[in-house]
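Written below as C-alpha cells is the structure these notes are about.
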Amino acid sequence: MSDKSSLMDFTVLTIFPGIFNSFLEYGIIRRAILNKKINVLPLNIREFATDKHSATDDRPYGGGPGMVMKPEPLSLAIKKAKEIAPLSKTILLTPQGKTFNQDLARSFSNLDGLILICSRYEGPDERICYNYIDEEISIGDYVLTGGEIAAMIIIDAVTRLIPGTLGAEDSAEKDSFTNNLLDHANYTRPRSFEGEEVPEVLLSGNHLNIFKWRLEDSLIRTFLKRPDLLEQRLYNREEVEILKKWCKELDRIIQTQSIHSSFTLSCNK
Ligand code: 21W
C-alpha cells in the first residue's frame, strides 16, 4: 500500500553534502527512504557559485572577523530547490531561530517538504532572509560550527512522525513529549543483573497492573527529572489518583519527620 501523496521531500542546502551520507544509510531513516516515505536530497551550495573560484563566502561589509555566506549562490540554490520541490517550506537553520521542539516536529511532519539551509561561517547575507526564508529555526541554546547537524536532527525527528516509518508495534503516540510525560523505565532479561531485580509486577503478566505501574513510573520520573513538563499537562482521573496517593504518602513522611526534628531541637536545648 504505497501512498505517494505522503512522500516528504527534504532538500538540504549545504557546502558539506558528504556529512549526510552515513546518516541516510541507517535504521529508520534508511527504511523511510527505501519505503518512499521521505526523499532527502543534499545540494552543494558551491555548485551554484557564480565566480571563477566558486566562492560561497566573502568578507563582511563593515569589517570584523569571520566570513559571510554570499547571497548569489544561496539564492540560486534555493531557486533550484524550489524547482525540485515546489511545495516545500524554506527554513534557515540559525542560532537566532525559534527553538525546535516536538510541537514543531509534528507540524513539519504534515508538510509536503522542507528546504533546509545549513549556514556556515557567520551565516548568510541578511538579504537572503528578506525574500527567500519562511522560518528561522535553532535546535537549542548552544553554539555549533554549522547547520548540518541541526538539519539532520529536524529530518530525524520529523521522519519518525510520518505514518508508516516506525515499526508496527512502535508508536509515536506514546513518546515522551507527545503528552508531556517522560517514558517509564524499561527492563529486559536477565531477571537478576548484578544483584538488581526486575520489578515483580512486570513479571506478573497482569496487564492492568503493568499499565498502572508504568503510568506511575512515568509520573514519578517526570516529577523528579522534568517537573516543568508536569505543569504543562492535563490530568485524567487515574493520574490524579496517583498524584493524590503521593501527596498522602509525603504528608505521612513529613508528619513523622517534624516530630523527629522538634525532638532533636528540644534535646539540644
Ligand atoms: C554559530 C553561525 C555561531 C554563526 C556574534 C557574532 C544552526 C545552530 C546553527 C553558527 C554564529 C543552530 C558571532 C543551535 C547553532 C548554526 C553556526 C555566530 C559568532 N557571534 N542551533 N558572531 N546552535 N550555527 N558566530 O549554532 O549554523 S541551527
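No value in this document is a laboratory result; all are computed from the given coordinates. This is a predicted model, so every value here is computed, not measured.
General observations
- Summed over qualifying helices (DSSP H, 4 residues or more, each -39500 (n - 2.57)) and divided by its residue number, the chain shows a 222 nm mean residue ellipticity of -12000 deg cm²/dmol.
- Three-way shape call for the stretch 153-241 based on the alpha-carbon gyration tensor, with the a/c threshold at 1.5: oblate
- Alpha-carbon centroid distance for the pair the stretch 11-77 / the stretch 135-202, whole angstrom: 27
- Database remark: amide H of G113 closer than 5 angstrom to the amide H of D9, K89 (H placed geometrically; neighbours at sequence offset of 5 or more, or on other chains; Pro and chain starts carry no H).
- Cα gyration tensor shape for the chain, rounded if a/c is under 1.5, else prolate or oblate: prolate
- Sequence-distant lysines (8 or more away, or on other chains) whose Cα lies within less than 18 Å of K174: K212
- Relative contact order of the stretch 144-240, pairs being alpha-carbon contacts under 8 Å that are 6 or more residues apart, as %: 26
- Cα gyration tensor category, rounded, prolate or oblate, for the stretch 8-159 with a/c compared to 1.5: prolate
- Beta-bridge orientation, the chain: approximately 15 percent antiparallel, per DSSP, counting only bridges with both partners inside.
- In Hz, Karplus ³J(HN,Hα) per residue of the stretch 97-105 (6.51, -1.76, 1.60; θ = phi - 60°; x = Gly, Pro): x, 6, 5, 5, 8, 5, 5, 5, 4
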